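A.B. asks: This is the structure I want to talk about, given as structure tokens.
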Amino acid sequence: MPDQTTSSSSAAGAQISRTNTLAQATSIEEAWRSFYALIRATPLQLSPFPTIFRGVPSQFLGLIYGAHNAGVSTARGTHTNFDIPVVGTDNAALTLWAYYNQGYQHGLTLSPLKQNTPSHPPSAPAPKLQEPEDFDSTRAKFSKFMTKLALVFFSDPTRYATDTAKISYATSYLSSLATD
């Protein structure tokens with residue numbers, strides 16, 4: 001993953017202090033606020049991959065890559081809309097739109113798709129992942145269950161492109177205790 005770097009030593013010092021603030025955030029909302037402040041101070045430059053700053057929480061990475069890839073796809077004419085997932089804060093939405101724009105700007109520099117190219121080019125098969133365990137509504141298993149679902153959804157975005165497909169898959173792993 002690329003890291004955002006700066007050329008002058010004073011700018012590098014400011015970069016380090018901003019990323020330390022990001023890494024020290026105490027809540028998800030505070031982390032998004034710090035992250036968006038960093039992006040406002042250091043605007044994202046055109047790039048084939050999202051610019052990842054040091055200290056960005058790992059749980060943000062899937063959303064960041066999704067926003068960037070949606071921007072590239074939209075610019076190339078293969079993706080018609082992009083909805084920012086509900087993540088809880090305006091700062092999160094603004095940050096993800098910045099990554100969408102970074103991808104969109106990069107997508108505009110790519111050669112246009114040919115008219116006879118299918119709207120969804122063939123892709124490699126999704127990697128085989130361990131299926132999630134049945135969820136029985138206990139708090140202790142919730143985080144692990146949600147993480148496994150997210151991995152499945154990110155590994156095969158064409159299969160789980162709609163909320164209906166995701167919900168159907170997730171419900172198939174609910175035990176009778178969770179559905180009561």
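The values are calculated or read from the model by the stated rules, or taken from the named source; none is laboratory data. None of these values were measured; they are calculated from a predicted model. Surface accessibility is based on the protein's heavy atoms, side chains included, excluding ligands, DNA and RNA. Shrake-Rupley method; radii C 1.70, N 1.55, O 1.52, S 1.80 Å.
A.B. asks: With every protein chain left in place and a probe of 1.4 Å, what is the accessible surface of Ser137, to the nearest 10 Å²?
C.D. replies: The value for Ser137 is about 70 Å².
A.B. asks: OK, next. Classify the stretch 27-79 as rounded, prolate or oblate from the Cα gyration tensor: take a ≥ b ≥ c as the square roots of its eigenvalues, call it rounded if a/c is under 1.5, otherwise prolate when a/b beats b/c and oblate if not.
C.D. replies: Note, shape of the stretch 27-79 comes out prolate.
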